[in-house]
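**Student:** I'd like to ask some things about the structure below.
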Amino acid sequence: MKEEVRLWVSTCPRCQAKGKEALQERLHPVQMPLQPFHQVAMDIKYMPMSRAGHAYIIVAIDYFPKGVECQALQTTTSIDIFNFFVENIITRHSVSRVIITDYGFPFQGRHIAAMCQSLHIKHYFSTVYHPQTNGLYSYNTTRQDSTRYSPFQLLYGHHPNMPLNNHLDSHNNQPLNEEIGSFETIKSNLAQIRTRATINIEKAKQRQQRYIDKRILDQDKEHKLPFRTGELVLKLSSRAVVTPVATIDDNYQGPFV
C-alpha cells in the first residue's frame with residue numbers, strides 16, 4: 001500500500017503543484033572571488049508591514065568575506081534596488097565585478113541594467129534563494145564556519161572593538177586592544193588571513209560537495225540528473241515566496257518545457 005500511495009502522489013498533478021519537496025541537484029560550487037565585494041548576491045525578503053510602512057528587506061551578501069548589508073524598504077522598484085546598491089555597497093566598499101540575483105522584476109529594471117553597463121558589472125541570474133539576516137552586527141563580527149574568520153576581520157585585518165571591550169577598559173589602566181600597528185603591518189596581516197580564509201573556504205566547499213553527493217546517492221542509488229532539455233518541469237511560483245498567503249496557493253506552476 002505504501003508503494004501504491006507513493007506512486008499515486010508522484011503522478012498526481014495537484015500533488016505536484018502543491019508539493020514543497022524539489023529534486024536535489026548535485027552541488028556546483030561557485031568560483032572563489034578575488035577580493036572583498038568582488039562578487040555580491042542580492043535578494044528581497046517579504047516581511048510584515050512596519051509602522052513606518054516598510055514591507056520588504058533587501059539583503060546583499062558578499063561571497064568573500066561573507067559580510068552582509070541590508071535595508072528595510074517600502075517598495076521594491078528598480079530605483080530602490082539601485083539606491084541601495086550605490087549607498088551600501090559602492091560608496092561604502094567598492095564597485096563589484098559580479099552581481100547575482102534571481103529573476104525578480106526589480107532586478108531586471110532599467111536602472112540596474114544601466115548601472116551594470118556603465119560600471120562594467122556582470123549581472124548573473126539564478127534561481128530563487130533566501131539569504132537570511134540574523135542580526136547584522138552580530139553576523140559581521142562572528143566567525144564564519146567556512147572562512148574561520150569574521151567578515152569584519154577579513155575586511156579590516158583586525159578584530160572589531162566590542163561593547164564588552166569598552167566596559168572592561170573602563171576598569172583597567174591597560175586597554176584590551178593594543179595598537180593595531182603600522183599600515184604595512186595591517187596590510188601584511190590582512191594578506192595572511194585572507195590567504196588562510198581562501199584555503200578554508202575551498203576545504204569547506206569540498207566537504208559540502210562530498211556531503212551533498214553522498215546524500216543524493218544514499219537516497220537513490222541510481223540517481224540521475226533531475227532535469228534534462230525538453231522535459232516537462234514545474235516552476236516555483238513567485239507568490240509562494242513573497243506573499244503571506246502562499247500556504248493556500250499552489251507552490252508550483254506549469255508544466256513547462
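**Student:** Taking the mean number of other Cβ atoms within 10 Å as a proxy for protection, how do you rank 109-120, 79-90 from highest to lowest?
**Tutor:** Packing proxy ranking, top to bottom: 79-90, 109-120.
**Student:** At 0.36 nm per residue, minus the direct Cα-Cα distance, what do W8 and A55 gain on full extension? Give it in nm, one decimal, please.
**Tutor:** Details: separation 47, 0.36 × 47 = 16.92 nm, distance 3.99 nm.
Result for the pair: 12.9 nm of gain on full extension.
**Student:** Between F105 and E231, what FRET efficiency comes out of the Förster formula 1/(1 + (r/R0)^6) with R0 = 41 Å and r the beta carbon distance, rounded to 0.05?
**Tutor:** E(calc), rounded to 0.05, equals 0.95.
**Student:** Would you mind computing, in nm to one decimal, how far apart the modelled labels at A113 and R207 are, each placed 7 Å from Cα along Cα→Cβ?
**Tutor:** Inter-label distance under the simple model: 4.3 nm.
Where a number appears in this text, it was derived from the coordinates with a stated rule and is not lab data. Quick caveat, the model's predicted, so the values are computed rather than measured. Note that we place each Cβ from the backbone using ideal geometry, even for glycine, and neighbour counts take in every protein chain shown.
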